[in-house]
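Heads up, the thing below is written out as C-alpha cells.
The values are calculated or read from the model by the stated rules, or taken from the named source; none is laboratory data. As the structure is a prediction and not an experimental result, all values here were calculated from the model. For neighbour counting, all protein chains shown are included, and Cβ atoms are generated from backbone atoms with ideal geometry for every residue, glycine included.
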Amino acid sequence: MKIFFDLFPVGLFFLAYQWGGIYWATGSAIAASTLQIITLLLLRRHVDATAWIGFVVIALFGGLTLWTHLHPVAGVDATLFIRWKPTVLYWIFAAILALGPLLFQRNPMKSLLSQQLPLPDHIWTRLNLTWSLFFVALGALNLYVAFTFSEAIWVKFKLFGLMALMLVFIIGQGIYLSRFIEDRS
C-alpha cells in the first residue's frame, strides 16, 4: 500500500498532464505531495526524510515552474524547473548515500534496512555505493530525456521509464543480495 501512496504524486502528474498539460500536472503534483504530508501528520504517522525531501523539491521546483509560467523571465523556459526536479531529487539521494558514511560515520542503507536484512558490513558498503551511483545515473538519464526528447515523451519516461528502471534495479539487487541472506526456516 505504501508504494501506491508514494507514487500518488507521480501518477497524478501523468494523468493531469494528459488532461491539461505541464502546468496542470505540476500543480497537481504539488497538491498531491502536500496532501500526502498533511495526511500523514493528521494520522500522526511518521513522515520519513524521503517524503520531506520529495515534498520540498516538488514545492520548490514545481513552484518555480508555475511562477515563471505566470511571470515570464526573458530567456527562461518555465518548464526548465520541473524537468530538472527528478534529477535534483535523485542527486540529493545519491549525495546522502555517498556522504553519509563520510560525514556521519553511518551507512544510510544499513541504517534503513539492517533490521530486515542481516548483511556483512562490506556488503552494506557495496549496496550503499551501488544505490548512490544508480541515483546519479537516473538523474543524468532524466536530464538526457528531458532535454533531448519532446515534453510528452519525457512525461511518459518520467512515470514509466524511471519506474521500470527502478524495478529492474531492485530485482537485480534482490538477486545479488539473496546469496548473503541466511535461510531462517
Exercise for the section: Return the pairs, sorted by first residue and then second, in which the second residue is hydrophobic (A, V, I, L, M, F, W, C) and in a helix (DSSP H, G or I), the first residue lies in segment 128-145 and is farther than 20 Å from residue 81 by Cβ and at pLDDT 95 or above, the beta carbons are less than 6 Å apart, and the residues are 6+ apart or on different chains. Expected result: 128/97; 128/109; 131/97; 132/94; 132/97; 132/98; 134/169; 136/94
Practice task
Identify, from the list 154, 91, the residue that is assigned to a helix (DSSP H, G or I), within 13 Å of the chain's Cα centre (by Cα), surrounded by 13 or more Cβ atoms within 10 Å (Cβ to Cβ) and modelled with pLDDT of 95 or more.
Solution key: 91
Handout entry: Among the residues listed as 82, 38, the single one being over 24 Å from residue 144 (Cα atoms) and either in a helix (DSSP H, G or I) or modelled with pLDDT of 95 or more (or both)
Key = 38
Exercise for the section: Taking residue 10 as the residue in question, decide whether it is among the β-branched types (Val, Ile, Thr) and either free of Cβ contacts under 8 Å to residues at least 24 places away in the same chain or touching a Gly at 6+ places or on another chain (Cβ under 9 Å) (or both). Expected result: no
